[in-house]
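To start, the structure itself, in structure tokens.
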């Protein structure tokens, strides 16, 4: 354990004055590990104090992003790996339900599915929002079966119509105006939705 003294260390500049009675590591003239946080803060450079204050302010504004900032190799900015508990993926659960019910579902199926989502740890306090996500997933699954429909085109149709019922009512000319779409692809989509 390093020796500690209660004043400026040997070789320290006169401007490095510390409050009276503060323990100082004799080798580095830095506060000993047992010092209170305010003493440690005084020993850091102004630039380091400013960076720490900015990081704290950013974490207070958006706590979700604070833990997600990663650098190279999956490491966080602090140099440590960020370990987050991975919960169930809602989109995967929605897609599994859609695939299990290719011809659609009834009210009882929907209620059972909501209970299943709740048991899996998903927030089901707004069933209408969950229902809309489910309808979007159903439309995406239907569109992905159409040859030539890549992820961007599927997303364009899903963003525009949101439900299979709305997309079913769209005409070929309307579908063809969407980003990345053309008339022949719009005809294939229309046939798939009506088939």
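All of the numbers you see were taken from the coordinates with simple rules; none came from a lab. Since we're looking at a predicted model, the values are computed, not measured. Here Cβ is always computed from backbone atoms with ideal geometry, including for glycine, and neighbour counts include all displayed protein chains.
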Assertion target for 50, 188, 55, ordered by fewest C-beta neighbours within 10 angstrom first, is 50, 55, 188
What nm value, rounded to one decimal, do you get for the distance between residue 118 and residue 105 when each label is placed 7 Å out toward the C-beta?
1.5
Between residue 144 and residue 51, what is the label-point separation in nm under the 7 Å Cα-to-beta-carbon projection?
4.3
